[in-house]
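Here the structure comes first, spelled out in structure tokens, and everything after it is commentary.
Nothing in this text is a laboratory measurement; each read-out follows from the coordinates by a stated rule. Quick caveat: nothing in here was measured; it's all calculated off a predicted structure. Methodologically, a virtual Cβ is constructed for each residue, glycine included, from the backbone with ideal geometry; neighbour enumeration extends over all protein chains shown.
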Amino acid sequence: MSRQAQQQRLIRTVIGQLECDRFLGGVWLPIGTVGPAATDAATPAVRKPGKMSRAKAEDIQDKRERLAAIASRVAKCRKCPLHESRLNPVPGQGNPNARIVFVGEAPGETEDRQGKAFVGRAGMLLTNIIEAMGLTREDVFIANILKSRPPSNRDPQATEIAACIPFLQEQLLVIEPDIIVALGAHAARTLLETNAPIGQLRGQLHEYLPEPLGRPIKLLATYHPAYLLRNYVKETRMKVWQDMQRVLTELDLPVPKKS
Ligand code: URA
């Protein structure tokens with residue numbers, strides 16, 4: 001690599017790090033500042049009626065237990081070699097009754113250490129995105145295609161996806177969200193069973209068909225937060241923010257206003 005190219009790479013890295021630190025320290029703002037969402041939301045982000053009927057409370061408890069049962073099967077799974085190198089299984093976590101499920105690719109180093117999805121740098125950006133939507137991580141469910149970290153964060157392999165995807169399919173059947181947000185190419189392509197590039201899939205509403213007989217779930221593909229961290233420019237941020245606005249609109253949830 002030429003000296004000039006090295007310098008440019010260094011400058012890009014430093015700028016990226018500064019942008020990242022700035023945004024991880026504050027609220028993820030697409031442009032300007034985001035004002036509060038209307039408080040009288042007719043449709044809550046989580047299906048939680050003011051006074052929950054006993055049947056509803058039992059339904060949510062049932063979902064919680066079924067998700068916990070899936071998580072313990074993930075912990076025992078030996079269907080692919082990733083269980084040998086992982087520190088912890090990362091089944092995914094969040095609200096069993098969520099209307100939105102975010103799906104990423106696979107756990108990274110921090111996730112592997114903590115056993116939780118999206119808790120590293122990309123996860124902090126995802127938290128900021130969720131908060132910019134007027135929601136919290138507790139309102140949504142966050143999971144990955146793979147439940148174990150691939151060594152050195154390499155791309156998931158087809159055999160690993162084939163071994164692991166039934167867990168996510170089951171989670172989606174339990175939660176029955178109104179919309180799935182596929183974060184990045186691996187999540188979008190796997191769930192939509194396509195090889196189309198993420199640039200083509202993002203920003204459009206698709207349908208995920210749960211196996212074997214669930215009702216179709218809306219799916220919106222957007223850029224992965226890690227990609228956003230690497231390309232922290234207004235154009236990419238705007239695209240992701242537009243995608244999140246679309247998610248909120250699809251759910252009849254208030255879109256926080258720019259003030
Ligand atoms: N990237 C992912 O796709 N998932 C995580 O949980 C963390 C980083």
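Assorted remarks:
- Cα-centred dipole magnitude for the range 177-259, charges only on beta-carbon of K, R (+1) and D, E (-1), debye, nearest 20: 460 debye
- For the peptides 52-65, 166-179, 222-235, 74-87, residues were scored by their other Cβ atoms within 10 Å and the scores averaged per peptide; the highest-first order is 166-179, 222-235, 74-87, 52-65.
- Distance in nm between pseudo-label sites at Glu131 and His83 (7 Å out along the Cβ direction from Cα): 3.7 nm
- Normalised by residue number, the volume inside the convex hull of the Cα atoms of the range 154-206 is 88 Å³ per residue.
- All lysines inside 19 Å of Lys76 as judged from Cα atoms, apart from same-chain residues fewer than 8 positions distant: Lys116, Lys147
- Backbone N within the range 161-198 under 20 Å of label point (7 Å from Leu205 Cα along the Cβ vector): 176-184, 188-189, 191-193
- Annotation for the range 218-238 versus the range 113-191: alpha-carbon center distance of 15 Å.
- Distance cut-off 17 Å, percentage of C-alpha pairs in the range 197-259 lying past it: 50 percent
- Put simply, the range 79-182 fits an ellipsoid with semi-axes of 22, 16, 10 Å; these come from the alpha carbon gyration tensor as the roots of five times its eigenvalues, largest first.
- Counted by Cβ distance under 10 Å from Pro107, the other residues give a net charge of +1, where Lys and Arg count +1 and Asp and Glu count -1.
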